[in-house]
Every structure is written in structure tokens, then in C-alpha cells.
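Working notes, beginning with the structure itself.
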Amino acid sequence: MVTSPEKMRLLRTLAFSQGRGLQFVRPLPLGEVPDEVWEEQHHSGIAWWRDSVPIFGEALRGRSSNEIDSFSLQGRLVRALSYGIDGVIFPTFKRAGTQFIPTSATQGRFNLSSGPGTKFQPALMTSKHLKRVTGYLGETLQAAPYDDQWYMGLASHMVVRMLHDDPAFQNWRQYLKRSMAFYAGETGMAGNTRLIDVSHRGHLGVGEMIVFGNDPMGMLEGEAPALLELPSSKHQLPSWRWTGLLGFVELVADPSGHSPIVVVPGGSYD
């Protein structure tokens, strides 16, 4: 056995709470999922996660260890799982969302076309843009705030830096109360949008942002992620891979068929 079932569950729970997009996904009741979803996965319209890249062990006191007992190794195992699953979730967010393009310091336009967009030089994101985006979510898409009070914004590090300089920005210490949830990567709030810093370039590019309301995405768990030890020789460090079967799909509550998600695409920022 790679590790105890208890430790496996702990690592999996930590990964699910640390994933920048994963932490906002709602598990769906499996009893409501038709059998053909599992049988014909490539036709289901669901984005599937199956495994992670290999995670290699480390030399301990001149020897390699097969036990997952070091704090640093456990941290890498957690990151490998959360990063890998987020790598499926973020493209699903982008595919499902309505596009918003900032065109000036205060204005922007919504692109409702599902086809490829045109090239553009976007303006920098501000709290005024966020006000337009959340107004569109609430009034047009009829999407309630994620936690009944604020919308959520998954933002690239560049966008977070820009919004930190906005007069409307509040550090999380200014509004967070003991009874409130604190989300992984949360840095503060601009307007009525809580900001989550997504520093992984593979998930959000420079200038990209995803803003959403309540219940944006669901998850099907066909097989819970588990660690699989990979074959290695006595001269190689041990390695593992997360394997499982998780499906992700946007949830549509709006009568027009749009998900409660708005995507700000990246561009060229000098």
C-alpha cells in the first residue's frame, strides 16, 4: 500500500480545498447521472480528469524513501493533484463563460458569440469594470452572488496587482469576520467581488479573469483520486501518480442557457 487510507483522504481533502477553481465546484449526486455518461465519456460534453503527472520522491539521509512521510513531499503531492484538476476546471470555466472585454478605464463590451473572438488591445481591469460584470451577472443572467453577498473573481496575478492599486480595493483583513469562509488564494475585494489570486500561468494567462455567481460548476466523481506507485529500479527515486475519474460541467440555471460566469480574456500588457 502506498499510504494509509486515512492519509490518502487527508491529502485529497487538502488538495480539494487548495485548488483555486476546485474549491468552488459542487459535487453532483451520482444517482441523477445517466449510465451513458460513464459509458460514452467522449460524447458526454463533460471535461474529464483521469490522472496527474508523476511526482518523484526525495533522498532522505542518503537513501530514498517509499513512504509518504515527509512534509515537503506531502505538499508536492497535494499541489500536483490540485494543479492537475484545476487544469481541467479552468478551461471549462472559460468555455462556459460570457466574454467581457474592457475597452476603456470605465467601459467594456460583452461578446455573446460562441465563436473565436477578434484580436484586441484590452484596457486594464478596474473596479468599475467589475461593477459592470457583476451587474450583468445579477440583472441579465439572474445569477445570485456565490455566498449570498459577494461574487467571486479568479484573477491572474497581473489583474490582482492592478486591482490592488484601485481605490475601491479592500484587503481581506478589512472585511473578513470570524464566521466567514476564507478561500485559498484570497487577497481582498474590489467592489462586491472577492479576488482569488491564480498565479499558475497554465490556468490563467496574463490579464485573464473569471467572475462568477452562485453554483457555477458541478463535479461527478466516478472514482476518487488515489495515489498509484509507479515502477522504479533500486537506483531511482520512487514516484507516484494520482489516478481517478472526475467529470466537470458548467451548471446552467438562467433561462437563456448561459452559465453564471463571465470571462475577461487576456491581452498584451506593457
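The values are calculated or read from the model by the stated rules, or taken from the named source; none is laboratory data. All values reported here derive from a predicted model rather than from experimental measurement. Positions of Cβ are backbone-derived with ideal geometry, glycine not excepted, and every protein chain shown enters the neighbour counts.
One table, with the values for the structure above:
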{"item": "Residue list for region 69-108, filter: in a loop (DSSP other than H, G, I, E, B) and either touching a residue at least 40 places away in the same chain (Cβ under 8 Å) or under 21 Å from the mean Cα position of the chain (by Cα) (or both)", "result": "97"}
{"item": "Residue match in region 22-29 (condition: loosely packed, with under 11 Cβ neighbours inside 10 Å and under 25 Å from the mean Cα position of the chain (by Cα))", "result": "yes"}
{"item": "Residue check for residue 155: touching a strand residue (DSSP E or B) at 6+ places or on another chain (Cβ under 6 Å), closer than 30 Å to residue 241 by Cα and surrounded by 13 or more Cβ atoms within 10 Å (Cβ to Cβ)", "result": "yes"}
{"item": "Residue within region 163-182 that is modelled with pLDDT of 90 or more and closer than 23 Å to residue 91 by Cα present", "result": "no"}
{"item": "Qualifying residue in region 185-193 (condition: in contact (Cβ under 8 Å) with a residue 40 or more places away in the chain and assigned to a strand (DSSP E or B))", "result": "yes"}
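Conditions tested, residue by residue: (1) surrounded by fewer than 17 Cβ atoms within 10 Å (Cβ to Cβ); (2) closer than 14 Å to residue 264 by Cβ.
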| site | (1), (2) |
| --- | --- |
| 168 | yes, no |
| 176 | yes, no |
| 179 | yes, no |
| 187 | no, no |
| 193 | no, yes |
| 199 | yes, no |
| 208 | no, yes |
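So that you can scan it fast, the table gives a plain yes or no per residue for (1) over 23 Å from residue 31 (Cα atoms); (2) assigned to a strand (DSSP E or B); (3) in contact with a Leu (Cβ under 8 Å, 6 or more places away or on another chain); (4) at pLDDT 90 or above:
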| position | (1), (2), (3), (4) |
| --- | --- |
| 211 | yes, yes, yes, yes |
| 218 | no, yes, yes, yes |
| 221 | no, yes, yes, yes |
| 224 | no, yes, no, yes |
| 235 | yes, no, no, no |
